[in-house]
């Protein structure tokens with residue numbers, strides 16, 4: 001009886017973590033126009049106008065579960081694109097990752 005209860009508690013905890021980690025990916029809103037923001041390499045933005053630098057961060061862990069690098073990076077990029085919209089940019093360049101779940105991006109205006 002005791003082991004059945006423990007198994008049910010573990011299963012419940014696993015389901016909760018899975019649900020929360022899925023929600024974390026969807027919690028990042030998409031600003032209107034952010035789908036038009038381009039991710040570029042630093043070498044391609046020499047002729048662009050600098051619009052600033054943004055530091056973004058997302059949840060990288062839910063309880064004791066570490067989210068996949070792909071999910072975390074996708075969320076970081078979406079936040080950078082949202083910031084580019086706010087700053088009047090149309091291009092972002094990935095910068096340094098200070099730690100897992102945090103990254104800097106430079107924002108540029110390249111299109112006339």
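Worth a mention:
- All-pairs Cα distance distribution in the range 25-112, expressed in whole percent, bin size 5 Å: 3, 16, 26, 24, 16, 9, 5, 2, 1, 0
- Here 64, 105 are placed in order of increasing Cβ neighbour count within 10 Å, fewest first, which gives 64, 105.
- For the pair residue 61 and residue 32, the difference between a 0.36 nm per residue extended length and the Cα-Cα distance amounts to 7.7 nm.
- Take the Cα of residue 68, step 7 Å toward its Cβ, do the same at residue 96, and the gap between the two points is 2.9 nm.
Read-outs throughout are calculated quantities, based only on the coordinates presented, and are distinct from any laboratory measurement. In this text, all values refer to a predicted model and were calculated from it rather than measured experimentally. Positions of Cβ are backbone-derived with ideal geometry, glycine not excepted, and every protein chain shown enters the neighbour counts.
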